Amino acid sequence: MCGSQVVKVSRRNFIKAAGSAGAAAGLGDPAVLASPVSWFAQRPRSNASTKSFTGKRPEDYRIILQDIADPLTRMPWPPTPEKLVEASIGPLRGSSVNAYAFGLNHSGTQITHCSDTFPVVGQDQVLLRSGSALKMNEAVKRLCREGHNPLAIMCDAAHQTGMDFFLRMRMNDLHDRVGDISSIEKPGLSAKTSAPEPFYYTPKWKRDHPEWLIGDAEAPHPHASLRFWEAKAGNYVIAGFREMMLRFAEEALNQCDLDGFEIDFVRWPFLFPHIEAYAHRHIMTAVMRRIRKHAAERAQSRGRSLFLSARVPCSVELALRIGIDIPTWLKEGLLDLVVIGGGYVPFGTPWTEIGRLASSAGIPALACLSRGKFPQGAANPPEREFLRAAAFRAYEAGMSGMVLWNYFYEMEQYYARPGESRGFEFVRDLASRDFLRTARKSYALDTIVPEPVYFAYAHSNSPAQVPLMVGATNDGIGSTVVFDISDDLSRAPSRLQPKLWLHLVNLGPEDRLEFFWNGQRVHPDPKAYPGNTMFDHHEFAFGLAAGQVHRGENQLEIRLLNRSPLLDPYITLVEGHITIPEMTA
């Protein structure tokens, strides 16, 4: 069982336990470091020491559900351990979720568990500006005073349900930057109509140590710029900041009988000044060795594995651009599993590159899929169809499972309308690769989110494709997008007909469009609904033969002809998807 005891960590004990910048257990051996086979791969995989509380190995995780501190506000007042369980683990009973992964920290070190070292969310603030922030703060403090560590409560409950329990540590967090944009810590011009999240306040350490930050948090950078976001992130070049975060990691590893610990480099992807990040990659490797060492010592002390995971950008190059060296980590055996991406581009993430590196190192790779990153609206298929396609694409690229990001919002507390119910039944679809192979699914064009927060991720994220300018042309060169299809339709029944759907805006009355699918001219269905043309939204639907859609990249080209000189010389492709019907015999 997890227990509720919190291990107190002094600076002296921490430095003594961490030792030198040497590697994790077993990594000081030059022969191991020189070997192309990872330390993890060399361990006997059938040995009980490589298994979790429920007997799972890293490759057994099909579905990991991520959560944040919201159970502390989801549960009814007053707080009790039983209510916390029902607000966190309860909705997952009977689902296909293998592991519950709880987020530890926001804005650096603000927490929702018991600690003598780090502040509870809201504790640093003179005034809280929402009832939910006070509720979260008081819930943690009351439970801890009564001897109940929230992490231990959820850990015990997960194990009793048959799930494993992970903790997740963000190496930087910039929710307080969102608070800056909304002026959360300043009086408003009118009465509040919504409550800000508890995580939007600037933590005390950032106020006390502005020299630990990457830039000047008060500089007048545009909100829609990388410099605005990175300026308020902690800088791992600075030893004081590194030491604080390593203390945080060591304390977290001793909070309860957890099965896994994930280091999150995606939320948010700032570790060093971006122009220096590559040169500083050795620093983050040293940090990872220290965390690995703490995890190995914790596992040894209890006689059971503690899996170390990292959520990383979508490719080796993108990771190097923020200062993390995935090939070195895998070679040194610093990870037991790796999670790829933020889920922002589920149909464009190149899963295979890091996946193959992980496989050659003997560890599994999982795909991160994010709620809210699939097309919405009445003209689009249900989100479940997009999620199926994204999951199947990940499996076909070699991923062993999925991490569901922000899908805790499917819990009923977020739906106030009577009769509307959500749940986790949809997870069963994702856990079965055989079901996905023949199920109805829809592949979409990944969308760029045109808001300031996009600039916090663009430098470490695979590119999206829409919205896309389609320029007027008379030279035969149009604008193209790619649909990456994982289904093999070569043996599909001839009656099977994939459906292509496009949404464009700003069409002129005499514009002429030409569409080419894989180089072959295709024509939209003239009987299909054209969209709300009164507001200049135009929809085009195409019926394609199964033989026209092949596995892998399929190219769509759009040419705009006869454009009036009185209009902008382009139209915009806003959305697009292709639906593959259920492939029955």
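The values are calculated or read from the model by the stated rules, or taken from the named source; none is laboratory data. Computed from a predicted structure; not experimentally measured. Virtual Cβ from ideal backbone geometry, glycine too; neighbours counted across all protein chains shown.
Some observations on this one:
- Cβ pairs under 8 Å, 6+ apart, first in the range 365-382 and in contact (Cβ under 8 Å) with a residue 12 or more places away in the chain, second part of a loop (DSSP other than H, G, I, E, B) and among the charged types (D, E, K, R): LYS373/ASP446
- Meets criteria (surrounded by fewer than 21 Cβ atoms within 10 Å (Cβ to Cβ), in the same structural domain as LEU258 (by TED's automatic domain parsing), part of a helix (DSSP H, G or I) and out of contact with any Cys (no Cβ under 8 Å at 6 or more places or on another chain)) for SER183: no
So that you can scan it fast, the table gives a plain yes or no per residue for (1) part of a helix (DSSP H, G or I); (2) within 30 Å of GLY162 (Cα to Cα):
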site: TYR100; (1), (2): no, yes
site: SER115; (1), (2): no, yes
site: ASP124; (1), (2): no, no
site: LEU127; (1), (2): no, no
site: MET136; (1), (2): yes, yes
site: ALA139; (1), (2): yes, yes
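- Checked against the criteria, ALA397 counts as of a type in the set (Gly, Ala, Ser), modelled with pLDDT of 95 or more and assigned by TED's automatic domain parsing to the domain that holds GLY94.
To keep it simple, each residue is scored yes or no on (1) in contact with a Gly (Cβ under 6 Å, 6 or more places away or on another chain); (2) under 30 Å from PHE435 (Cα atoms); (3) touching a residue at least 24 places away in the same chain (Cβ under 8 Å).
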| site | (1), (2), (3) |
| --- | --- |
| PRO526 | no, no, no |
| GLY531 | no, no, yes |
| THR572 | no, no, yes |
| MET583 | no, yes, yes |
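- Elements of the type strands (runs of 3 or more DSSP E) sitting completely within the range 502-559 and holding at least 2 residues that are assigned by TED's automatic domain parsing to the domain that holds TYR570, surrounded by fewer than 16 Cβ atoms within 10 Å (Cβ to Cβ) and not hydroxyl-bearing (Ser, Thr, Tyr): these cover 512-517, 520-522.
- Test: residue in the range 56-64 that is touching an Asp or Glu at 6+ places or on another chain (Cβ under 7 Å), in the same structural domain as MET163 (by TED's automatic domain parsing) and either surrounded by 13 or more Cβ atoms within 10 Å (Cβ to Cβ) or modelled with pLDDT of 50 or more (or both): yes
- Residue pairs meeting the criteria (Cβ under 6 Å; at least 6 apart or on separate chains; first closer than 25 Å to TYR344 by Cβ, in the range 417-444; second of a type in the set (Ser, Thr, Tyr) and part of a helix (DSSP H, G or I)): ARG433/TYR395
- Matching entry among GLY108, GLY147, GLY162, GLY103 (being assigned by TED's automatic domain parsing to the domain that holds PRO58, at positive phi and either without any contact (Cβ under 8 Å) to a residue 12 or more places away in the chain or buried (at least 20 other Cβ atoms within 10 Å of the Cβ) (or both)): GLY108
- Unmet criterion (only one of (1) crowded, with 16+ Cβ neighbours inside 10 Å; (2) closer than 30 Å to SER88 by Cβ; (3) of a type in the set (A, V, I, L, M)) for VAL449: (1)
- Criterion applied to ALA277, ALA310 was being of a type in the set (A, V, I, L, M), under 18 Å from the mean Cα position of the chain (by Cα) and under 24 Å from ASN235 (Cβ atoms), and the one residue passing it is ALA310.
- Test result for SER494, closer than 30 Å to PHE435 by Cα and not in a strand (DSSP E or B): yes
- Residues located in the range 388-432, provided they are surrounded by 16 or more Cβ atoms within 10 Å (Cβ to Cβ) and among the basic types (Lys, Arg): ARG388, ARG393
- Between THR480, THR447, THR473, the distinction of being in contact with an Asp or Glu (Cβ under 9 Å, 6 or more places away or on another chain) and assigned by TED's automatic domain parsing to the domain that holds GLU539 belongs to THR480 only.
Yes or no, residue by residue, for (1) part of a helix (DSSP H, G or I); (2) over 28 Å from PRO71 (Cα atoms):
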site	(1), (2)
ALA394	yes, yes
GLU425	no, no
ASP434	yes, yes
PRO450	no, yes
VAL453	yes, no
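- With respect to the conditions (1) part of a loop (DSSP other than H, G, I, E, B); (2) more than 12 Å from the chain's Cα centre (by Cα); (3) aliphatic (A, V, I, L, M), ILE354 falls short on a single one, namely (1).
- Some residue of the range 117-125 being under 18 Å from PHE53 (Cβ atoms), assigned by TED's automatic domain parsing to the domain that holds LEU308, crowded, with 20+ Cβ neighbours inside 10 Å and in contact with a helix residue (DSSP H, G or I) (Cβ under 8 Å, 6 or more places away or on another chain): no
- Every condition in (1) in a loop (DSSP other than H, G, I, E, B); (2) surrounded by fewer than 15 Cβ atoms within 10 Å (Cβ to Cβ); (3) modelled with pLDDT of 90 or more holds for SER462 except the one numbered (2).
- Meets criteria (part of a loop (DSSP other than H, G, I, E, B) and within 25 Å of the chain's Cα centre (by Cα)) for ALA195: yes
- Qualifying residue in the range 205-214 (condition: touching a Pro at 6+ places or on another chain (Cβ under 8 Å) and surrounded by 16 or more Cβ atoms within 10 Å (Cβ to Cβ)): yes
- Look at (1) under 24 Å from PHE374 (Cα atoms); (2) modelled with pLDDT under 95 and you find that LYS499 fails only one, number (2).
- Identification of helices (runs of 4 or more DSSP H) wholly contained in the range 276-335 with 1 or more residues that are over 29 Å from ALA456 (Cα atoms) yields 281-302, 326-331.
Yes or no, residue by residue, for (1) surrounded by fewer than 16 Cβ atoms within 10 Å (Cβ to Cβ); (2) small (Gly, Ala, Ser):
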residue	(1), (2)
GLU276	yes, no
THR285	no, no
ARG290	no, no
ALA295	no, yes
GLN300	yes, no
VAL312	no, no
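- Condition check for ALA367: surrounded by 18 or more Cβ atoms within 10 Å (Cβ to Cβ) and touching a strand residue (DSSP E or B) at 6+ places or on another chain (Cβ under 6 Å): yes
- The condition (being without any contact (Cβ under 8 Å) to a residue 60 or more places away in the chain and basic (Lys, Arg)) is satisfied by just one residue among ARG321, ARG393, ARG356: ARG356.
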